[in-house]
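For reference, the structure discussed in these notes is given below.
Laboratory data are not the source of any read-out in this text; all were calculated from the coordinates shown. Bear in mind the structure is a predicted one, so any value in this text is a computation, not a measurement. So basically every Cβ, Gly included, is an ideal-geometry build from the backbone, and we count neighbours across all protein chains shown.
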Amino acid sequence: MSPLSEPLDLPCGVRLPNRIAKAALSEALGDAGNSPDERLVTLYRRWAQGGYGLLVTGNIMVDRNHLGEPGNVVIDDDRALAQLTAWTKAAHDGGAAIFAQLNHPGRQSNLLAVGHKPVAPSPVPLAMPGAATPRELTGAEIEDIIDRFALAAAVCEEAGFDGVQLHAAHGYLVTQFLSPLTNLRTDEWGGTPERRMRFLLEVVRRVRQRVSPGFAVAVKLNSADFQRGGFSEEDSRAVVAALAAEAVDLIEVSGGNYESPAMGGSAASSTRAREAYFLEYAQSVRAQAGSVPIAVTGGFRTRSAMEDAITAGDCDLVGIARPTVTATDSAAQLLDGRSDALTTHEIQAGLRGILGRLTDLKALDGFLNISWNVDQLHRLARGLEPDLDRGPLATAVAMVRRNGRVSFRPKRGTA
């Protein structure tokens, strides 16, 4: 039997039926009120039949005034409890566990939402064209956001989710507190590595207080943000050690952010060839993690590499993301021997000579690939098959249309 077929028991008691997870992909499929609807049920029913032991949702925001992108599902009360319950039922009917990924974008809120003022630990703007300088959060606002994570987790448990994943990667708000580049505070929330990690630890503690002992609390953490002077692997190892002392059930390792998108599908060919971009880091933190299982997402493509990582104890769970868009049954293909390797579809921006003088092509390609995959998820959610012929121009137009539809409608009451 393949080691990928073995179940994984998390510290809280949740059992994952195998070692392959569908990692988070931002679906942007919330309805006009930012609640899930039948499209997400359709999409997750299909993934649930794809053989995965765990399904992790895409970004679910904890404050409807601060979205990462239009179409994010928001949980800041229980108004959508019935729809959330239908979502979890679709996963469970297929035999998969499901975690809700909870997030706050901070300064990475929708870049095209003109008139919106993002918030962050410190007023450090995102180094991208058109990014607004965020407003520094007050101590009371920080406490409110922590409570929002806890409230969202409690609603998720009531709706039938098996756990939540707290998003502390990819440059979102929790990461902004962790990084010395974006957290310039000198109060109890910044100034030293210990105080910079306090926000994440307080979120974990308050979530755990609001949910039952058998409900899983996972964290998605950057190995590094790959920026000079930013959140380093040494910093990350210290955070892993701190998390291991809390009631955490799973740590998923990733890396990068909007400014340096190591997670966006634009990795160099040499990086893609060695698979599992963050596996060496995962190996280096096994001691710090203690008994907390580790998941690695990013780059895994062959069954042999996945099996070797599990057998060697380098990680306990393999996360795959982009391959699940074009082959929703990727896990089943690997587990039943129909496939030895998974494939992804990647596109690049055209007019590279001209665009290269205007912007960072690596970042642009990363955004295009993320958007291409979102386009395919929207097709799957309508019961259609992926469109592998969709090119960069159509993808770019759809990206602007999707993210810009609220650009000239500033929201009332936003900070």
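If packing is taken as the average count of other Cβ atoms within 10 Å, what order do 281-294, 148-161 fall into, highest mean first?
Going from most to least packed, we get 148-161, 281-294.
For the chain, what is the mean residue ellipticity at 222 nm derived from helices alone (per DSSP H run of n ≥ 4: -39500 (n - 2.57); sum divided by total residues; nearest 500 deg cm²/dmol)?
Result for the chain: -11000 deg cm²/dmol, rounded to the nearest 500.
Listed here are the pairs K22/K117; K117/K362; K89/K220; which of them are more than 29 Å apart at the Cα?
Going by Cα-Cα distance, K22/K117 fall outside the 29 Å limit.
Report the percentage of all Cα-Cα pairs in region 187-244 whose separation exceeds 17 Å, rounded to a whole percent.
Tail of the P(r) past 17 Å holds 45 percent of the pairs.
Compactness ratio of region 3-404: Cα Rg over 2.2 N^0.38 Å, N = residue count?
Output field value: 0.90.
Amide H of Q165 versus every other amide H placed in the peptide plane: which residues, excluding those fewer than 5 positions away on the same chain, fall under 5 Å?
Placed amide hydrogens put A100, Q101, L102, A218 under 5 Å from Q165.
Please check: in the Gaussian network model of the chain (C-alpha springs, under 10 Å), which one of G356, G95, G171 has the largest mean-square fluctuation.
G356
Give me the one-decimal Kirkwood hydrodynamic radius in Å for region 287-339, with the sum taken over alpha-carbon pairs.
Result for region 287-339, one decimal place: 12.0 Å.
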